[in-house]
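The values are calculated or read from the model by the stated rules, or taken from the named source; none is laboratory data. Computed from a prediction, not measured in an experiment: that's the story for all the values here. With ideal geometry, Cβ positions are generated from the backbone for all residues, glycine too; neighbour counts draw on all protein chains shown.
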Amino acid sequence: MGSADMSIPTLSEATLREYASADSLQRGTEYYRHGAVTALTQRGMTLEAEVEGSEPEPYRVRVTFDANGVSEATCTCPYDWGGWCKHIVAALLAALKEPASIDERPPLEQVLSGLDRETLQDLVLYLVQQNPHLADTVEGCIAVRRAATTIVDGAGAERPARPAPIDPEPIRRQVRSIFRGMGRYGYDYYHLDGVLAETRRLLEQAEAFVKADAGENALVILEAITEPYVDNVEMFDDSDGHVGDFIYELGRTWTEALLSADLSASERRTWGATLRSWQSELSDYGMDEGLDSAIVAAEQGWDDPQLQLILQGEITDLDEPAGTWDEDDEGYAEDEGDDGYPSLLDSTEELTRARLDVLERRGRYQECLNLARAMGQGMRYATMLVRLDRAEEAVQYSLTHLTRASDSLAVAMALREHGDLDGALRVAEHGLTLQEPRAGLGVWLRDLAAEMGRNDLALQGARVAFDEGPSLSAYQRMQELAGEQWPEVREQLLARLRRIRSYYPQGEVDIFLHEGLFDDAIAAVDQGATHTIVERVVDAVLTSRPEWAIAACRKQAEPIMDEGRAQYYAAAAGWLRKAATAYRAAGREDEWRAYRADLMQRHARKYKLMPLLKALPA
């Protein structure tokens, strides 16, 4: 796909099945077949596409590749139900099936690299002249970049500087410019999604300042973003929850920014009052709790007496009796009111995680360890033990305290990075006995154990991964590991697949077809399956099981025609073409011709359908 110097990793339909839901895959396939993909452009390792949808303007798809395949895929549509949307599927299908339609261009970095300063300045001014609202964006970007400069230390190595204070006014103007187009159209999904996308990019800049331990600059950006959302909340139709999700993201960044900023008690109280006011207004429109952790972070900061004792290692468990610490300590308060600070018991898990992130970034590892232990953050406690070269303690703690497979995986990965491979295997093996989805842990253990020659553990992990997420790749990996045991293991796996009842039997069908077990594949989709999975089975058995294929094709095509769903007539015709092939394979050509004639008579008034029926094999 593309020329040698602009090639991107080869796409496959298996990739689409891996990352898209059954519904997205089906609808994306229909979009592609109906020509909804109107533009495909490749710039280096990035593919961009325009896909027509329900809005007047086409949706924009952007897919970025790396050496391993697709690293990121985004779309401007409001889809947020897991996996790739139908527009991404349609765009990648177009790239896969029609590579010649891709307009290959050099990356913008390469185009701009040879331009001098004057030319670049003229270019920016021209773009602003054509799109005046860009002026606010340019000024906001400049303000952020000036605050995020780097310096060179005495050794000549580049390192992040303490960012300079950011000028808030350009950021505010930039956000006002983003919201300016809302007006009376604020309820419209298309405009709302555009506002969310642009403000989310600003949020990413705030997050960058947080990671640079420059919370003060992050607060400037966050205030500029949050205020107009609160002011315009009554204009949003948030039935899909997108604004509520964004407010939660804002709250999470607010929490960490407040803990990263050097604020006085008075400044923290001011921020706390402001956040409480905003949360009250948002709650009136169903956006509850998004800023709760940020409010406690502002009001509590790092000054809570219990917190200070925890960081010093003097309290190891908040459930300890009150006498564990001195209640006469200056500023101590069991509940909010004595000193104005809320109790540490009010802390949310999100707030604790934010504290741990700040401490870890600042290299305060022992304090991070103490806080994780006291607040019951088992995974963070164990991984911090590893960082402090206390790997065996981390292993023992994980074996007795962790309750989630995902936490075991995180600790095992930390141990492996630390060089303790045996400890990593012990923690991962124990994690397989814990609750929660374990497929990721199983795959990780499978591969590490195989590298270390521990085939028993590799098979154990592989089996867990297969049981929770059957796929052809997991099946074939089991075959590699089982060796001489494969015939017995194979029968066990196939027996399990035959017991599964799923509306999306993608893995089962892939494996059954791979093994040539057509009757099992038919049974899997007869229990209920999406159109795309049924189609794969039909294509595989058109000539070997023509009777079933005929019935399956008619079952898919006839409701579309009978119900007059014109937008899907082309799909119905595709099913009928497959049926024609199956009729011929069964030696029932006369029946096909009679069936085709009957369809043309029954649907004679459907002018969009008739040309498609006439084009079918006679």
Suppose we filter region 287-316 for residues that are more than 21 Å from THR255 (Cβ to Cβ), assigned to a loop (DSSP other than H, G, I, E, B) and out of contact with any Leu (no Cβ under 9 Å at 6 or more places or on another chain); how many remain?
3
Say we look at region 50-65 and pick out the residues that are modelled with pLDDT of 85 or more and within 27 Å of TRP575 (Cβ to Cβ); which of these is farthest from the chain's Cα centre (by Cα)?
GLU52
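Which ones in region 230-255 are touching a Leu at 6+ places or on another chain (Cβ under 8 Å) and not in a helix (DSSP H, G or I)?
PHE236, ASP237
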Among the residues of region 525-536, is any β-branched (Val, Ile, Thr), within 20 Å of ALA495 (Cβ to Cβ) and in contact with a Phe, Trp or Tyr (Cβ under 8 Å, 6 or more places away or on another chain)?
no
Would you mind telling me which numbered condition in (1) modelled with pLDDT under 95; (2) surrounded by 21 or more Cβ atoms within 10 Å (Cβ to Cβ); (3) of a type in the set (Gly, Ala, Ser) ALA521 fails?
(1)
Among (1) among the hydrophobic types (A, V, I, L, M, F, W, C); (2) surrounded by fewer than 17 Cβ atoms within 10 Å (Cβ to Cβ); (3) out of contact with any Lys or Arg (no Cβ under 8 Å at 6 or more places or on another chain), there is one condition VAL534 misses while meeting the rest; what is its number?
(2)
Residues being closer than 18 Å to GLY215 by Cα and surrounded by fewer than 17 Cβ atoms within 10 Å (Cβ to Cβ): count how many of those fall in region 275-312.
2
Restricting to region 26-46, name every residue that is of a type in the set (S, T, N, Q) and either closer than 14 Å to LEU92 by Cβ or buried (at least 21 other Cβ atoms within 10 Å of the Cβ) (or both).
THR29, THR41, GLN42, THR46
How many residues are modelled with pLDDT of 90 or more and polar (S, T, N, Q) when one looks only at region 329-384?
5
In region 256-274, residues that are among the β-branched types (Val, Ile, Thr) and either assigned to a loop (DSSP other than H, G, I, E, B) or buried (at least 22 other Cβ atoms within 10 Å of the Cβ) (or both) total 0
Pairs with Cβ under 9 Å, 6+ apart, first in region 353-374 and within 12 Å of GLN312 (Cβ to Cβ), second of a type in the set (S, T, N, Q)
GLU367/GLN312; ASN370/GLN312; ASN370/THR316; LEU371/THR352; LEU371/GLN377; ALA374/GLN306; ALA374/THR316
For region 47-60, check the following and say yes or no: at least one residue is surrounded by fewer than 15 Cβ atoms within 10 Å (Cβ to Cβ), assigned by TED's automatic domain parsing to the domain that holds ARG17 and among the basic types (Lys, Arg).
no
Report whether or not GLU104 is assigned to a helix (DSSP H, G or I) and acidic (Asp, Glu).
no
Any residue in region 104-121 that is in contact (Cβ under 8 Å) with a residue 12 or more places away in the chain sitting within a Cβ distance under 8 Å of a residue that is loosely packed, with under 11 Cβ neighbours inside 10 Å? List the pairs, counting only those 6 or more apart or interchain.
GLU104/SER3
Quick one: count up the residues across region 162-202 that are modelled with pLDDT of 80 or more and aromatic (Phe, Trp, Tyr).
1
Test: ALA482 is under 27 Å from the mean Cα position of the chain (by Cα), not charged (D, E, K, R) and not assigned by TED's automatic domain parsing to the domain that holds GLU13:
no
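Results for (1) more than 18 Å from ALA551 (Cβ to Cβ); (2) among the hydrophobic types (A, V, I, L, M, F, W, C); (3) in contact with an Asp or Glu (Cβ under 8 Å, 6 or more places away or on another chain), shown as yes or no for each residue.
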| residue | (1), (2), (3) |
| --- | --- |
| ALA580 | no, yes, no |
| ARG588 | no, no, no |
| TYR595 | no, no, no |
| MET610 | yes, yes, no |
| LEU613 | yes, yes, no |
| LEU616 | no, yes, no |
Take region 413-435 and flag every residue that is hydrophobic (A, V, I, L, M, F, W, C) and either more than 20 Å from GLY376 (Cβ to Cβ) or not assigned by TED's automatic domain parsing to the domain that holds LEU457 (or both).
MET413, LEU415, LEU421, ALA424, LEU425, ALA428, LEU432
Matching option when the condition is modelled with pLDDT under 85, of a type in the set (A, V, I, L, M) and over 18 Å from GLN506 (Cβ atoms), among MET45, MET6
MET6
